[in-house]
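Nothing in this text is a laboratory measurement; each read-out follows from the coordinates by a stated rule. Values in this document were obtained by computation on a predicted structure and should not be read as measured data. In this analysis, Cβ positions are derived from the backbone assuming ideal geometry, glycine residues included, and neighbour counts consider all displayed protein chains.
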Amino acid sequence: MGLAKDERQALSDLFEQLGPDAPTLCEGWQTRDLAAHLVVREHRPDAMPGILVPALAGHTQRVQDGVAARPWDDLVAQVRRGPSRFWPTSIGPVDEVANSAEFLVHHEDVRRAQPEWTPRPADPSRDAAAWRLATRTAKLNLRKSPVGVVLRTPDGQSASVKSGAPVVTVVGEPVELLLFVFGRDAVRVEFEGDEAAVAQLKGAKRGL
């Protein structure tokens, strides 16, 4: 179906399994809040600017809180169903570009907030997409890193994603690297480089 559609369905399944009050890795959000966020992105264009613009965040939060108050089954069904056919991401290729990282990362935000989580088994298609997403988004998401960054997978794929010196190499499977680039700490990666530089990278803000 494509990564975005696959992850949307898998996340919806997990929402149904866990219910509306389960923890997530998104600070201050339970599953109900995350589901509402996903609905707002695809159904409330008036509230979308506040996702990125702090001055507009109050309106977005009010809209999201209203969506989150809806019956849980209805909310999950709307996440699973996706946008109307008039929304740009109803077009498959647009959905892949706009939503692949969104749904993969948020699926893991729910999975990894649960006790005794483990990484999912390798999947060649998902891992290839995660590697592309990690390397393409890293320049923006790691822009505040005070050190250079190289991403590398255990099988030898490597990409320099942030210029600077000294350089820290972050080693992990593609999904782990994508989550790291998006600012998550519940990841299984290793760092190669000067100890002080590694500490600087770990302390830098990652993500949008």
Any DSSP H helix in the chain with Cα axial reach of 15 Å or more and mean Kyte-Doolittle score of at least -0.5? Listed by number, the hits are 31-43, 92-111
As a test, work out the antiparallel percent of DSSP beta bridges whose residues both lie in the range 124-203, rounded to the nearest 5. 60 percent
In debye, nearest 20, what is the charge dipole magnitude of the range 112-173 about its Cα centre with +1 on Lys and Arg Cβ and -1 on Asp and Glu Cβ, if you could check? 400 debye
The chain: D in µm²/s via Stokes-Einstein (Kirkwood Rh, Cα pairs, 4 °C, 1.567 mPa s)? 72 µm²/s
Which shape class applies to the range 3-111: rounded if a/c is under 1.5, otherwise prolate when a/b exceeds b/c and oblate if not, where a ≥ b ≥ c are the square roots of the Cα gyration tensor eigenvalues? rounded
What's the ranking of 8-15, 141-148, 32-39 by average number of surrounding C-beta atoms within 10 Å, highest first? 32-39, 8-15, 141-148
Just name one of 18, 29, 63: the one whose Cα is farthest towards the positive end of the charge dipole of the range 3-111 (beta-carbon charges, Lys/Arg +1, Asp/Glu -1). 63
Percent relative contact order for the chain, counting Cα pairs under 8 Å at least six residues apart, stands at 18 percent
How would you classify the range 124-203 from its alpha-carbon gyration tensor, with a ≥ b ≥ c the square roots of the eigenvalues: rounded for a/c under 1.5, else prolate if a/b is greater than b/c, otherwise oblate? prolate
At the level of C-alpha centres, the distance separating the range 94-152 and the range 156-208, in angstrom, is 12 Å
Hey, which lysines would be in cross-link range of residue 139, C-alpha to C-alpha under 21 Å, not counting anything within fewer than 8 residues on its own chain? 162, 202, 205
Provide the packing ranking of 102-114, 81-93, 195-207, i.e. peptides ordered by the mean count of other C-beta atoms within 10 Å per residue, highest first. 102-114, 195-207, 81-93
